[in-house]
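Step one of this worksheet: look at the structure below.
The values are calculated or read from the model by the stated rules, or taken from the named source; none is laboratory data. Please read these numbers as outputs of a predicted model, since none were measured by experiment. Cβ placement follows ideal geometry from the backbone for every residue including glycine, while neighbour counts extend to all protein chains displayed.
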Amino acid sequence: MLVGRLGLEKARIPHADRHGLVWLDRGRLEVEDGCLRFVTAGGGDLAAGDYQIPHQGISIVLLGPGASVTHDALRLLARHGCALAAIGDGAVRFYTAPPLMPDTSAIARAQVRLWADPESRMDVARAMYAIRFGEIVRTRDIEVLRGQEGARIKRSYQLAAERHGIAWRGRHYDRADPNAGTLPNQALNHAASAMRAAACVAVASLGAIPQLGFIHEESGQAFVLDIADLHRHDVTLDIAFGAAKEAEKSGDPIDRLTRRRAARLFRQRGVIPSMIDRIKMLITPEPDTAEAGQAD
């Protein structure tokens, strides 16, 4: 009875064949006649209605504020290997009960191979810096690359501040009291948190390993930080300095303004899809590995 009611007898689509994300908020995710449905009264991105969700053809369902999920829906998603996570508006926060387990290890195994070999690990790190700098980097010394990054990001801060008409006296961050800095510094902290959440979505949707970073090393989210930094010079700074300018005018809380601006720019610029594409570009499973994963 349970199998027929939830449609669990149907074959799974391999994770490698999937595409895209589904964003749902202000409604209820449930199962009816073996189909995954989302019922909403509106008020969010979707108009009021009853939507059938193609759970066999997507990688991850992202539940925004005001959304709930039934036990049957969780079982259906689990059986078909479709991940589910709760997010803040626009994915500026990311909440899961880990682990998220895709039905193939192709991306993870490719990542491990690249990470374990010092030469290929440096190749990936250099490719990441090339994306950020907009040019090919010559050195193969990670400390030299980090030094170049530091000089460039300082200049990027100044240019972003000038672009948004914000007074800038340098980056100052007190880990013990993150809200003690100037408005731009506080906004940068909140923007960085939002960007990490977006990178969490991208990494989780592909089944990559968050701990194995190519530039960052010590953090349990090292690879997440690597991916978040790919948008640091453009999107993160636009979020932060734009929010700081809004706060100067309106007096509204900087954390709220930053999250709202982040959610808006994530959608407008397709930040998470871009992150997913870049992960695939940086860590491409060998063809025979991907085909083996599809055959499982």
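From the list Lys249, Lys154, Lys245, exactly one residue is farther than 27 Å from Ile58 by Cα, of a type in the set (Lys, Arg) and touching a helix residue (DSSP H, G or I) at 6+ places or on another chain (Cβ under 7 Å). Which is it?
Lys245
Given the residues Gly27, Gly7, Gly43, Gly34, which is the only one that is over 18 Å from Val201 (Cβ atoms), at pLDDT 90 or above and not assigned by TED's automatic domain parsing to the domain that holds Ile272?
Only one candidate passes the filter, namely Gly27.
Regarding Phe266, is this residue modelled with pLDDT of 95 or more, among the aromatic types (Phe, Trp, Tyr) and either part of a helix (DSSP H, G or I) or farther than 23 Å from Ala130 by Cα (or both)? Spell out how you get there, then give the answer.
Values: modelled with pLDDT of 95 or more: no; among the aromatic types (Phe, Trp, Tyr): yes; either part of a helix (DSSP H, G or I) or farther than 23 Å from Ala130 by Cα (or both): yes.
No, not satisfied.
Residues being in a strand (DSSP E or B) and either in contact with a Leu (Cβ under 9 Å, 6 or more places away or on another chain) or touching a residue at least 60 places away in the same chain (Cβ under 8 Å) (or both): count how many of those fall in the stretch 36-64.
Counting residues in the stretch 36-64 that are in a strand (DSSP E or B) and either in contact with a Leu (Cβ under 9 Å, 6 or more places away or on another chain) or touching a residue at least 60 places away in the same chain (Cβ under 8 Å) (or both) gives 11.
Please give the number of the condition Phe133 fails out of (1) more than 19 Å from the chain's Cα centre (by Cα); (2) in contact (Cβ under 8 Å) with a residue 40 or more places away in the chain.
(2)
State all residues of the stretch 217-249 that are in contact (Cβ under 8 Å) with a residue 12 or more places away in the chain and not hydrophobic (A, V, I, L, M, F, W, C); if no residue qualifies, say none.
Gln221, Asp226, Asp229, His231, Arg232, His233, Thr236, Asp238, Gly242, Lys245, Glu246, Glu248
Might you let me know whether the stretch 240-248 holds any residue that is modelled with pLDDT under 95, under 16 Å from Met128 (Cα atoms) and surrounded by fewer than 22 Cβ atoms within 10 Å (Cβ to Cβ)?
no
With the structure loaded, tell me whether Val69 is free of Cβ contacts under 8 Å to residues at least 60 places away in the same chain, in contact with a Lys or Arg (Cβ under 8 Å, 6 or more places away or on another chain) and of a type outside the set (Gly, Ala, Ser) or whether it fails that test.
It is true that Val69 is free of Cβ contacts under 8 Å to residues at least 60 places away in the same chain, in contact with a Lys or Arg (Cβ under 8 Å, 6 or more places away or on another chain) and of a type outside the set (Gly, Ala, Ser).
Hey, among Arg126, Arg132, Arg163, which residue is in a helix (DSSP H, G or I), crowded, with 16+ Cβ neighbours inside 10 Å and either modelled with pLDDT of 90 or more or not assigned by TED's automatic domain parsing to the domain that holds Asp238 (or both)?
Arg126
Part of a helix (DSSP H, G or I) and within 23 Å of Ala86 (Cβ to Cβ) - does that describe any residue in the stretch 211-220?
There is no residue in the stretch 211-220 that is part of a helix (DSSP H, G or I) and within 23 Å of Ala86 (Cβ to Cβ).
If a residue must be in contact with a Lys or Arg (Cβ under 9 Å, 6 or more places away or on another chain) and of a type outside the set (A, V, I, L, M, F, W, C), how many such residues does the stretch 206-234 contain?
Counting residues in the stretch 206-234 that are in contact with a Lys or Arg (Cβ under 9 Å, 6 or more places away or on another chain) and of a type outside the set (A, V, I, L, M, F, W, C) gives 6.
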